[in-house]
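Everything on this sheet refers to the single structure shown next.
The values are calculated or read from the model by the stated rules, or taken from the named source; none is laboratory data. Quantities reported herein were computed from a predicted structural model and do not represent experimental measurements. Here the Cβ positions follow ideal geometry from the backbone for every residue, glycine too, while neighbour counts run over all protein chains shown. Heavy atoms of the whole protein, side chains included, go into the accessibility calculation; ligands, DNA and RNA do not. Shrake-Rupley method; radii C 1.70, N 1.55, O 1.52, S 1.80 Å.
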Amino acid sequence: MDIENKTIRIQVGENNDIDLDHLERTLTACFALHHVVPTIMLTMGTTDTFGVDRVKPVVELRDRLCERFEVAVRPHIHVDAAIGWSMIFFLDYDFAANPLAINAATLAGIERNVSRFAELRYADSFTVDFQKWGYVPYTSSLVMIKEQDDLKAMENDPEHFSYFERDIQGQTHLQSTIECSRGASDLFGAYAALNYLGVEGYRTVLAHCLQNANYFRFRLSQLGNVKLVAQENQGPSVGFKIYNSEWVQDPEAEFAFELARSSDPAYKARLQRNTDYHRSLFKGRGKVGLYTNWVEAVAHSEYDERGKYSYIAGEKAVFMNPACGREQIDAFIAHIRG
Ligand SMILES: *Cc1c(COP(=O)(O)O)cnc(C)c1O
């Protein structure tokens, strides 16, 4: 695939989820021009901001437009749930009784997520990265496909795989995949890990991580010179920007200024100054309490008239380590306070 030239980016809204109106306009334009649209890619749980796309309205839109434009082969709807898949473990959690005694802020966040993740069932396929929030090695990932027949699109002529005897041509995985010697042990690794934790055990670990993330958000918000990015999106990652309180009295207002993308040199200079300040703190302070990362795109600006946007850099902490607790978070906060 020619990713650069054949991919159409759909805009996202305030919560980093897909703008359904923009998707409708774009898909309508593609079908009107008889462009083939093989796939619509959604994301449930973006890596740093945990935006969660809706799936059901996208399926309905696809079906409606395929009918209207008489498109015979409907675009396959794939959901990237690489990081978000863990949320499906809360689909049947008893939110009223709350048997795990999850704190109120985290419980509300999980419940909001769950109402969206319930729509994963409408996807034609989705990705699971067990190696991230599933505590298993890198190789344990999965693509789950709803309709077995969809795999036919990946079928190869058995003649291309003449390595083994003719009799087994067309009967094996050799027909569908390029590699001949890949085992299933990585998938068993994921199965074993999850089985060992059990549903309740795994939920407990997830809730602990999310509570840590919320505690960290709370501690950061007390500092007065920090802007939390996509605070409402309750995933394991917490993105933030630290401002110089001598220049910036109101981090919310300063961040709003940064979001309003402008070609004015004064805008660029101010954004750069803020970024340089935070970056130098990050570089200079070392790793105490938490091992945070610098990311070039912790947020993106608003769209301009031409639909262009730019990235805003910042820092993030990802709470997936079950051994992390308030002690480490407090140590980090004490350290950045200096
Ligand atoms: C990590 C991640 C990816 C990349 O997955 P790999 O398995 O590392 O290739 C894709 N999408 C999301 C949302 C991710 O968090």
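Mean separation of Cα pairs under 8 Å and 6 or more residues apart, divided by the residue count, gives the chain a relative contact order of 14 percent. Counting Lys +1, Arg +1, Asp -1, Glu -1, what net charge surrounds Phe90 among other residues with beta carbon under 13 Å of its beta carbon? The answer is -1. Solvent-accessible area per residue in the chain equals 57 Å², computed with a 1.4 angstrom probe and all protein chains kept.
When DSSP beta bridges are restricted to pairs lying wholly in the chain, around 70% turn out antiparallel. Taking the longest Cα principal axis of the chain as reference, the axis of helix 104-117 is set at about 30 degrees.
The amide H of Gly51, built 1.01 Å from its N in the peptide plane, has Gly45, Thr46 as neighbours under 5 Å, considering only residues 5 or more places off or on other chains. Taken as Cα centroids, the stretch 196-233 and the stretch 130-155 sit 27 Å apart, rounded to the nearest whole angstrom.
Rounded, prolate or oblate for the stretch 229-329? Axes are the square roots of the Cα gyration tensor eigenvalues, ordered a ≥ b ≥ c, and the cut-off for rounded is a/c under 1.5. Verdict is prolate for the stretch 229-329. Rolling a 1.4 Å probe over the protein heavy atoms of the stretch 190-310, with every protein chain left in place, gives an accessible area that is 51 percent carbon and sulfur. Across the stretch 15-24, coupling constants 3J(HN,Hα) worked out from phi with the 6.51/-1.76/1.60 Karplus curve, θ = phi - 60°, read 8, 6, 10, 5, 7, 5, 5, 5, 4, 4 Hz, and Gly and Pro carry x. Here the sum of -39500 (n - 2.57) over DSSP H runs of 4 or more residues, divided by the residues of the chain, equals -12000 deg cm²/dmol at 222 nm, to the nearest 500.
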